[in-house]
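Student: First, the structure itself, so that you have it in front of you.
The values are calculated or read from the model by the stated rules, or taken from the named source; none is laboratory data. Just so we're clear, the structure is a prediction, and the values are computed from it rather than from any experiment. In this analysis, Cβ positions are derived from the backbone assuming ideal geometry, glycine residues included, and neighbour counts consider all displayed protein chains. Keep in mind that these areas ignore ligands, DNA and RNA; they rest on the heavy atoms of the full protein, side chains included. Shrake-Rupley method; radii C 1.70, N 1.55, O 1.52, S 1.80 Å.
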Amino acid sequence: MKHHFDIFTKPIPRRSFLKGMLGVFAVGSMGVGRGYANTSSSNIRLERVTITIQNLPPAFQGFKIGLLSDLHSSPIVPKEHLQSSAELLMAAEPDMIALTGDFIGHTFRFPGEPYHEFDPQYVADIVDAFSGLKAPHGLYGVLGNHDFWSGPEAVEVLVREFETGFGVQWLRNRNVKVERGGDSIMLAGIDDYWQDSCSPGDALQGLPPDTVRILLSHNPEVNEILYDWQEIDLILSGHTHGGQIKLPFIGAPFQAGVRQRKYMEGLAWDGDRQTYVTRGVGHLVVPIRFLCPPEVTLITLV
Ligand SMILES: [Fe+2]
């Protein structure tokens, strides 16, 4: 069963939203004043993460996956910021690149509101910013809630322009084999967990046994509907922005799109299954991050 809560996400009552945002603005203005706005391109951090996978085939020892998520190309996230994230990742020489959604859109969606207004310029911006992304084992993408909330036309344009612009292979409820030096692993991807079109069953169908399986899912809480028999080794996600705004000693005051805090940022465990959640590159609603800098991730499998 799917659950929808809190701010970055599903419709919330407008009054609670406004109260929350007052707090955000108060913290935000403090942050800007102290230079902790954290949204400038120079604040983007390259997080190098080593993840141990049981039975990783020898040819994939040291395989490097670049992860970019939550770009939110929009009036508040300029093309230059997106371009900086791409350059930072390329300098780390990933073997493969995973893009885990929320490429466009920058506002919440209140109950009963229609899709976000779609401006193709912001797709053009991100395609331009990402034109230098290349990796020997390819670029793979899944869509996030904000991409879907931008409407069917936005999804169509995004999918087409990412394919023709810089060669993204979309994993919309399907899987592919990634081969290297005679070995292989399986890579699957799903449409955003909150969409009716999300289908882990289709995404994981036909996977050969005894193969390492990696799943791209914008929302880490897809873990709620995965069972042991599906034997996913690793999920790569974004969606939370790490909270986007954190307070000293308290951490992120908002649940940021997930019910379980273990999925807010970094590595989480469900049995043997690991999920890595990146803080992402862009931001929502206000051009402010506080004690929560934007992230580009380089994951090394061992
Ligand atoms: Fe999201």
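Student: Please give, to one decimal in nm, the separation of the simple spin-label points placed at Gln230 and Thr211, each 7 Å out from Cα toward the Cβ.
Tutor: Here the answer is 1.6 nm between the modelled labels.
Student: If you count only protein heavy atoms and use a 1.4 Å probe, how large is the accessible surface of Lys79, to the nearest 10 Å²?
Tutor: The accessible area of Lys79 comes to roughly 60 Å².
Student: Among Gln169, Asn223, Leu139, pick out the residue whose Cα is farthest towards the positive end of the charge dipole of the stretch 14-301, where Lys and Arg carry +1 and Asp and Glu carry -1 on C-beta, about the Cα centre.
Tutor: Asn223
Student: Only Cα pairs under 8 Å and at least 6 apart count here; give the relative contact order of the chain as a rounded whole percent.
Tutor: Details: 717 pairs, mean separation 83.9, N = 302.
Relative contact order of the chain: 28 percent.
Student: Just to be sure I understand: of the beta bridges DSSP finds with both ends in the stretch 14-301, what percent are antiparallel, rounded to 5?
Tutor: Working: 18 of 48 bridges.
Percentage antiparallel, nearest 5: 40.
Student: Another one. Please list, in chain and number order, the residues 5+ apart from Phe290 or on another chain whose amide H is under 5 Å from its amide H, with Hs placed from the backbone.
Tutor: Those lying under 5 Å, H to H, from Phe290 are Ile245, Lys246.
Student: If I model a spin label as a point 7 Å beyond the Cα along the Cα-Cβ vector, how far apart are those points for Ala91 and Ile250 in nm?
Tutor: The two pseudo-label positions are separated by 3.5 nm.
Student: Let me ask something else about it. Listed highest first by mean packing, meaning other Cβ atoms within 10 Å per residue, what order do 147-154, 292-299 come in? Mind showing how you got there, number by number?
Tutor: Working: 147-154: 20.2, 292-299: 24.4.
In descending order of packing, they fall as 292-299, 147-154.
Student: Name all residues of the stretch 165-208 having a backbone nitrogen under 15 Å from the label point set 7 Å from the Cα of Ala59 along its Cα→Cβ direction, giving them as ranges.
Tutor: Only 177-187 pass the distance filter.
Student: How long is the gain from Lys262 to Glu179 if the chain were fully straight, where each residue apart is worth 0.36 nm and the alpha carbon distance is subtracted?
Tutor: Values: separation 83, 0.36 × 83 = 29.88 nm, distance 3.20 nm.
26.7 nm is the gain from fully extending Lys262 to Glu179.
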